[in-house]
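The values are calculated or read from the model by the stated rules, or taken from the named source; none is laboratory data. All values reported here derive from a predicted model rather than from experimental measurement. Counting neighbours? That spans all protein chains shown, and the Cβs are built from the backbone with ideal geometry, glycine included. Surface accessibility is based on the protein's heavy atoms, side chains included, excluding ligands, DNA and RNA. Shrake-Rupley method; radii C 1.70, N 1.55, O 1.52, S 1.80 Å.
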Amino acid sequence: LIGTTKEERMEEIDLITKQLAKYLSGFKAKKVFLRWNLSCPNTGHDVFKNFIESFDDEYAIISTLKVPIIVKVGYNFPYEVAKKLEEYEYIFGFEAINTIRFDELPEAEKKEYFDEKYVKTGHDTFKVTYPSPLEKEQYRLNVKGPGGISGNPIRKYALAWIQTARAHGITKPIIGGGGILWPWHVYQFRNAGANAISLGSISFLRPFCMLACVLTAKFAFRNGH
């Protein structure tokens with residue numbers, strides 16, 4: 001949802017739900033799931049403020065579809081909220097994690113993956129920064145803000161969220177994703193507690209590994225865990 005106020009988001013989700021209800025019976029898929037993305041940083045929302053104040057109302061609307069819902073969470077999504085969501089009838093499970101805002105990524109990761117920039121702070125003094133690659137493309141791409149990070153830098157945060165969610169007693173299925181680029185990454189997610197994986201960045205960073213990761217996942221999750 002991209003509405004800037006709760007009222008706008010309620011109107012938006014009501015419209016989406018009505019459209020889905022109208023066409024749901026015509027879907028050819030054997031099983032239809034709804035992904036409830038609560039944590040995309042590119043919408044400009046504050047997950048803790050905007051979502052927590054309205055998720056009961058949002059759920060009341062989308063649950064009328066009576067289809068299983070997968071909640072997509074971010075690296076800092078509150079476990080106590082996930083635990084509460086798990087009790088809702090149509091919440092099937094979770095997908096962890098979403099992209100991380102560039103300005104929320106720790107300096108250690110920025111230093112490892114991005115170029116340095118020196119900003120003058122005084123006479124003969126400079127500060128080292130690691131600007132988002134999007135900063136120099138703001139005008140050309142017509143984008144605002146630093147964007148989000150996906151791929152390898154966020155894998156450890158995805159694994160950490162899943163492990164901690166399991167430690168908090170969350171038992172419903174978790175789809176793990178974020179930086180799965182090689183077949184052995186599949187096992188990292190399985191061992192962290194994931195029941196399945198989602199693939200994204202690999203499609204353009206390591207397309208030659210896509211099939212191997214899919215086949216590895218089929219084997220790793222063959223018994224449903």
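Observations on the structure shown:
- Note on residue 166: accessible area is roughly 60 Å² with a 1.4 Å probe, heavy atoms of protein only.
- Between residue 63 and residue 191, the simple spin-label model (points 7 angstrom out along Cα→Cβ) gives 3.8 nm.
- Length gained on full extension, residue 208 to residue 166: 11.9 nm, using 0.36 nm per residue less the C-alpha separation.
- Per-residue ellipticity at 222 nm computed for the chain from its helices equals -10500 deg cm²/dmol, with DSSP H segments shorter than 4 residues left out and the rest contributing -39,500 (n - 2.57).
- 5 angstrom amide H check on residue 148, placed H, neighbours 5+ away: 102
- For the chain, the dipole from Cβ point charges (+1 on Lys and Arg, -1 on Asp and Glu) about the Cα centre works out to 1020 debye, to the nearest 20.
- Which listed pairs, of 6/156; 156/218; 18/84; 136/156, have C-alpha distances above 31 Å, in listed order: 6/156
- Cβ-derived FRET efficiency at R0 35 Å, residue 140 paired with residue 27, nearest 0.05: 0.35
- Whether the stretch 170-225 is rounded, prolate or oblate, judged on the alpha carbon gyration tensor where a/c under 1.5 counts as rounded: prolate
- Measuring with a 1.4 angstrom probe and ignoring ligands and nucleic acids, residue 64 comes out at about 90 Å² accessible.
- Amide H contacts of residue 94: 71, 174, 175, each under 5 Å away and 5 or more positions distant or on a separate chain (H built 1.01 Å from N in the peptide plane; Pro and chain starts excluded).
- Listed residue (159, 146, 1) projecting farthest to the positive dipole end of the chain, Cβ model: 159
- Carbon and sulfur %, accessible surface of the stretch 146-207 computed with the full protein complex present, 1.4 Å: 56
- To the nearest ten degrees, helix 183-192 and the longest principal axis of the Cα atoms of the chain are 70 degrees apart.
- Computed 3J(HN,Hα) for the stretch 9-18, one whole-Hz value per residue from the Karplus formula 6.51 cos²θ - 1.76 cosθ + 1.60 where θ = phi - 60°, is 5, 5, 5, 5, 5, 5, 5, 4, 5, 5, glycine and proline marked x.
- Computed from the alpha carbon positions, the gyration tensor of the chain leads to an equivalent ellipsoid with semi-axes of 32, 24, 17 Å, biggest first.
- Solvent-accessible surface of the chain, averaged per residue with a 1.4 angstrom probe and all protein chains in place: 59 square angstrom.
- Phi angles across the stretch 162-170 convert, under the Karplus curve 6.51 cos²θ - 1.76 cosθ + 1.60 with θ = phi - 60°, into 3J(HN,Hα) values of 5, 4, 5, 4, 5, 5, 7, x, 6 Hz, Gly and Pro given as x.
- Helix 210-220 axis versus longest C-alpha principal axis of the chain: approximately 50°, rounded to the nearest ten.
- Using heavy atoms of the protein chains and a probe of 1.4 Å, the accessible area assigned to residue 199 is about 60 Å².
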